[in-house]
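**Q** Pasting a structure below so you can have a look.
We did not get these values from a lab; they are worked out from the coordinates using the rules stated. Only a predicted model underlies this, so the values are computations on that prediction, with no experimental measurement involved. Using ideal geometry, Cβ is built from the backbone for each residue, glycine included, and neighbour counts are taken over all protein chains shown.
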Amino acid sequence: MTPGQPLMVCEHCDAVYRRRNLARREVARCMRCGAILERHQWLSLDKQFALIVAAGIVFIIANVEPIVQVSLGSSHATTTLWGAAIAMWNDQSQVVAVLAALTLFFFPLTQILIFGWLLAFARHGERAPGFRQAMVMLHYVRPWSMIEVFMLGSLVAVVKASSYFTVVPGAGIWSFGVLTLMITVFASHDPRQLWHKTAGNDA
């Protein structure tokens with residue numbers, strides 16, 4: 001370990017280490033408490049930016065296309081995410097409607113926009129304007145994006161409803177499925193890497 005290497009601190013026990021580049025699939029762990037310090041980032045910044053742009057497009061499709069079509073005899077009904085949220089609001093379930101809108105729309109959208117903003121500059125080795133504030137906001141927003149929970153609940157609901165109605169999954173729910181996979185990929189990447197990738201280029 002050379003003196004010029006940057007330092008990193010374990011969030012759990014405050015042990016200090018000198019940071020080094022990790023090999024593919026390598027994980028750095030704290031020698032004191034065993035916590036994960038850092039993982040190898042297998043996607044370049046350019047690929048992460050392309051992925052977040054694709055996630056933004058899929059997010060739009062997921063929110064404007066019907067989630068599901070329910071048929072009973074000659075009657076048919078479709079709904080989007082916002083249609084379901086409005087229906088819950090009108091059905092005196094305002095708290096659930098607000099939570100659904102926040103966790104399935106506003107928080108994921110905020111996460112996508114912040115990631116896109118940061119990566120657009122980071123891929124050129126620069127820090128975006130408002131970099132520090134954006135990183136702090138991203139830290140607090142990420143845990144509240146619950147699209148994967150929505151997908152699990154939707155699948156359970158579709159299976160149960162299919163016993164009584166003809167249920168056809170719409171483009172919206174398929175888009176949410178793809179978005180869940182994209183978010184899973186992003187979850188494997190630590191956004192704190194952007195501090196190191198853009199070190200010395202603060203805006």
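**Q** Once R0 is set to 22 Å, what does the formula 1/(1 + (r/R0)^6) return for the Cβ-Cβ distance between Arg19 and Ser44, expressed as a FRET efficiency to the nearest 0.05?
**A** The computed FRET efficiency comes out at 0.75.
**Q** Please work out how much length the chain gains when fully extended from Ile36 to Asn90, using 0.36 nm per residue of separation minus the C-alpha to C-alpha distance, in nm with one decimal.
**A** Here the answer is 14.9 nm.
**Q** Go through 102-110, 134-142 and give me the packing order, highest mean Cβ count within 10 Å leading.
**A** 102-110, 134-142
**Q** Still on this structure: Rounded to the nearest 0.05, what FRET efficiency do Glu11 and Ala54 have when you use their Cβ-Cβ distance and R0 = 45 Å?
**A** 0.90
**Q** If you take the beta carbon distance between Trp82 and Gln193 as r and set R0 to 35 Å, what does 1/(1 + (r/R0)^6) give as a FRET efficiency, to the nearest 0.05?
**A** 0.55
**Q** How much length would be gained if the chain were fully extended between Ala120 and Ile61, taking 0.36 nm per residue of separation minus their Cα-Cα distance, in nm to one decimal?
**A** 19.0 nm
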